[in-house]
Amino acid sequence: MKSREYYLELLHSHIGNPRLVAHSKASEAVMRTLARRFGESEELWGLTGLLHDIDSEICGGDSRIHAVKGSQILREEGFPEEAVRAVLLHNEMAAGEKRSTVFEHALAAGETVTGLIFAVAMVYPDRKISSVKVKSVVKRMKEKIFAASVKRENIMECEEIGIHLEEFVEMAIEALAPIEEELGF
């Protein structure tokens, strides 16, 4: 694997939208926390979180090809195959395969919950991620306005790795708090 700086540059070469870049950095932070919890490689898990949506702008919101293109980009970059597969499977609509490893479940849950935390924080623009409450995120995920773009199955992937939703959200908020200014909150 190459350096984080290299992969940040790669991300910026494919993604121009600052909110998508912020989401990618947030997913990196959450995946690093999860890697520590499971005794896995923080570098591998973190960089996979950083690059999981590298094809978002290329796909133009087409969920049938999102992650397929991203995994192709990462494979061409020589990214480790287990990470390429996790990126591919974070969007089950494109892959058509089921997730089977802790890494794959963690990426799907981590990036989805990160998006929900962002959504809750955006509703309260005067608030910081660090002040977002776990109950608010869990409550919002049930509302149609938030649930329209998020599958409950992706949120509940955290249960597949043995972490209850509330604990997972709390852990994600704690991972994001130190970098919230970098994320634009």
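Quick note: the coordinates plus some simple rules give every number you see, no bench work behind them. What you see is a predicted model; the values in this text were computed from it and never measured. Glycine also receives a Cβ, built like all others from the backbone with ideal geometry; neighbour counts cover every protein chain displayed.
So, in region 21-45, exactly how many residues are farther than 15 Å from Ala109 by Cβ and touching a Lys or Arg at 6+ places or on another chain (Cβ under 7 Å)?
The number of residues fulfilling the criteria is 1.
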Counted residues in region 117-140 being closer than 15 Å to Glu167 by Cβ and without any contact (Cβ under 8 Å) to a residue 40 or more places away in the chain come to 5
In region 5-20, anything surrounded by fewer than 18 Cβ atoms within 10 Å (Cβ to Cβ) and either polar (S, T, N, Q) or closer than 23 Å to His105 by Cα (or both) is listed as Ser13, Asn17, Leu20
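Helices (runs of 4 or more DSSP H) wholly in region 21-132 with at least 2 residues that are surrounded by 18 or more Cβ atoms within 10 Å (Cβ to Cβ) and among the charged types (D, E, K, R) - which ones?
Working: elements: 42-51, 56-59, 68-76, 81-89, 92-95, 102-123.
Answer list for region 21-132: 102-123.
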